[in-house]
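Asker: Starting off with a structure, shown below.
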Amino acid sequence: VFNAKTAELLSHHQVEIQQKFPKEGWVEQDPKEILKSVHECVERTCEKLQQLNIDITNIKAIGVSNQRETTVVWDKTTGEPLYNAIVWLDLRTQSTVERLLKRIPGKNKAFFKFRTGLPLSTYFSAVKLRWLLDNVEEIRQAVDDGRAMFGTIDSWLIWSLTGGKNGGVHCTDVTNASRTMLFNIHSLEWDPELCQFFDIPMEILPKVRSSSEIYGLMVCFLKSGALTGVPISGCLGDQSAALVGQMCFQDGQAKNTYGTGCFLLCNTGQKSVFSEHGLLTTIAYKLGRDKPVCYALEGSVAIAGAVVRWLRDNLGIVKTSQEVEKLAAEVGTSYGCYFVPAFSGLYAPYWEPSARGIICGLTQFTNKNHIAFAALEAVCFQTREILDAINKDCGIPLNQLQVDGGMTNNKVLMQLQSDILCIPVVKPSMPETTALGAAMAAGAAEGVGIWSLNPGDLTAVTCERFEPQINPEESEFRYARWKKAVMKSMGWETSEAPSNGKPE
């Protein structure tokens, strides 16, 4: 919860959501658990506000921000999900992608790029939805009976919070729609030809709205009932929300969010710029029904914070994520060890699903400290690759990088990032930028009008700056070695592998 006048964070609560990995490369979440976590977070945040003697009737609007591309299909008569949510990182659709590519002239992944801004990849919702329609009998049946609804997580939450099966609003915003591969980013409508290509029935799709307007009213579940009737009036995919929260409203302003993955977005204003260097063209925001749509170039890295989680949960070399920083700080170098965490293939700028993770340059001297350092460095190198691509596509090199997300609390990482980019890295003192962006969109909506998005009215945020501390030659040398490691990670996986997962 934020103060609309000062953008100050008043109260918050968070809950970690369980990821399920039913098979190699599969990643799922339970849509009901996601909804329950929202209920719990709202409930607890309101309790904390009351402890601060803040009257919760002062809450005037609610914004939603979500992990994009994650796909849910549910039954509108029962309100129940028909399958787990398939998470953006999931790789089960690799064979679906290959099958679809055969229907495209020259198997060109970029065939729909000028319409969608996206390459054909396992990443986007259309292929996940196609998989569900092909493989889940309950979903096929529900579509035939006219009971099925498709949405990304924002749609599932808005529908559920505005009444669900009793009149819930089935909608999404332009930023989330632009990540499905079914949406024309110029006409701002679902594209009948794309729906036909993926063979997706248009009647199951949500209505597409702007990122800042009243979608519906909260039908409340709080014990106190205090939020009943509060408008839900902001909706932005998490990366767009962070761009708004970082107030990158001008062409050429960019932010990088360090979460599970890493997402660098550069605002290109009212013109869509198409990348020659493996970046996506995406909708940055449309802050009101009558406001213009703004576009962004985006570089996506699949594994950032997830590499730290992997060191903790899979290798067990640390007990908490915070320890990785401590291990890395103790050595201050990877001692020639390079880590390419291509656990889900490589995203931008390579779009190489066959890549897999590697750790190379190991010697008898290498220990867990060096591996921890190499893992952090990997996040920085991946960001550098994207920044290089953005600089080439935009022609104006960035002179500083604005950063946010959970991993920015890691000072070793932030200093490394500045060293590897050779430009300052600027971090706002309030890291919850994604939530702030959703709150700004909600508060600025027509009919709510309690938040001004006029740059002159926005409070200057206090920031921490990290300046480069190593010489550029050393930085270039390490970056060149990293690129060599990336080349070695490619071409591991072939889809012809035996299906039981055991070598023949």
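Asker: Out of all DSSP beta bridges with both ends in the chain, state the antiparallel percent to the nearest 5. Spell out each step's value before the answer.
Answerer: On the way: 41 of 55 bridges.
Here the share of antiparallel DSSP bridges comes out near 75 percent.
Asker: Keeping all protein chains in position, work out how much accessible area Val208 exposes to a 1.4 Å probe, and write it in Å² to the nearest 10.
Answerer: 40 Å²
Asker: Out of the total accessible area of the range 19-237 (probe 1.4 Å, heavy atoms of protein only), what percent is carbon and sulfur?
Answerer: 51 percent
Asker: Just the accessible area for His186, please: 1.4 Å probe, Å², rounded to the nearest 10?
Answerer: Around 90 Å² of this residue is reachable by solvent.
Asker: Another one. With every protein chain kept in place and ligands, DNA and RNA left out, what is the accessible area per residue of the range 231-295? Probe 1.4 Å, answer in Å².
Answerer: On a per-residue basis, 28 Å².
Asker: List the lysines whose Cα lies under 16 Å from the Cα of Lys427, skipping any in the same chain that are fewer than 8 positions away.
Answerer: Excluding near neighbours in sequence, the set is Lys255, Lys411.
Asker: For the chain, what is the calculated [θ] at 222 nm in deg cm²/dmol (nearest 500), taking -39500 (n - 2.57) for each run of four or more DSSP H residues and dividing by its residue count?
Answerer: Theoretical 222 nm ellipticity from helices: -10000 deg cm²/dmol.
Asker: For the chain, what is the charge dipole size about the Cα centre, in debye to the nearest 20, if Lys and Arg each add +1 at the Cβ and Asp and Glu each add -1 at the Cβ?
Answerer: 320 debye
Asker: Suppose R0 equals 60 Å. What FRET efficiency, 1/(1 + (r/R0)^6) with r the Cβ-Cβ distance, do Glu464 and Gln196 give to the nearest 0.05? Could the numbers behind the result be given before it?
Answerer: Values: r = 50 Å, r/R0 = 0.84.
Taking R0 as 60 Å, the efficiency between Glu464 and Gln196 is 0.75.
Asker: Would you mind checking the range 443-476 for residues with the amide N under 16 Å from a putative spin-label position 7 Å along Cα→C-beta of Leu188?
Answerer: 445-446
Asker: Considering only the other residues whose Cβ falls under 10 Å of the Cβ of Thr408, what net charge follows from Lys and Arg at +1 and Asp and Glu at -1?
Answerer: Overall, the nearby charge balance is 0.
Asker: At R0 = 41 Å, how high is the FRET efficiency between Lys102 and Asn53 if r is their beta carbon distance? Nearest 0.05 is fine.
Answerer: Approximately 0.05, to the nearest 0.05.
Asker: For Phe2, list long-range residues whose amide hydrogen, built 1.01 Å from N in the peptide plane, is under 5 Å from its own amide hydrogen.
Answerer: Leu10
Asker: Cut-off 18 Å, label point 7 angstrom out along Cα-to-Cβ of Cys41: give me the residues of the range 116-159 whose amide nitrogen falls inside.
Answerer: 152-159
Asker: Kindly write out, for the range 362-369 in residue order, the coupling ³J(HN,Hα) from the Karplus curve 6.51 cos²θ - 1.76 cosθ + 1.60 (θ = phi - 60°), rounded to whole Hz, with x marking Gly and Pro.
Answerer: Those phi angles translate into 6, 10, 5, 7, 5, 10, 5, 4 Hz.
Asker: How much length is gained on full extension from Lys483 to Phe274, taking 0.36 nm per residue of separation minus their Cα-Cα distance?
Answerer: Here the segment from Lys483 to Phe274 would lengthen by 72.8 nm.
Asker: Pop out the ³J(HN,Hα) list for the range 287-299 in order, Karplus 6.51 cos²θ - 1.76 cosθ + 1.60 with θ = phi - 60°, rounded to Hz; leave Gly and Pro as x.
Answerer: 8, x, 4, 9, 8, x, 8, 10, 10, 9, 8, 10, x
Asker: Can you give the extra length, in nm with one decimal, that the chain gains between Leu10 and Asp134 once fully stretched, where that is 0.36 nm per residue apart less the Cα-Cα distance?
Answerer: Residue separation times 0.36 nm, minus the Cα-Cα distance, leaves 40.0 nm.
Asker: If you don't mind, there's one more thing I want to ask. Given R₀ = 41 Å, FRET efficiency for Asn454-Gln18 by Cβ-Cβ distance, to 0.05?
Answerer: Efficiency at R0 = 41 Å is approximately 0.50.
The values are calculated or read from the model by the stated rules, or taken from the named source; none is laboratory data. Please read these numbers as outputs of a predicted model, since none were measured by experiment. Here the Cβ is made from the backbone with ideal geometry for all residues, glycine too, and neighbour counts use every protein chain on show. SASA here: full protein model, heavy atoms, side chains in, ligands and nucleic acids out. Shrake-Rupley method; radii C 1.70, N 1.55, O 1.52, S 1.80 Å.
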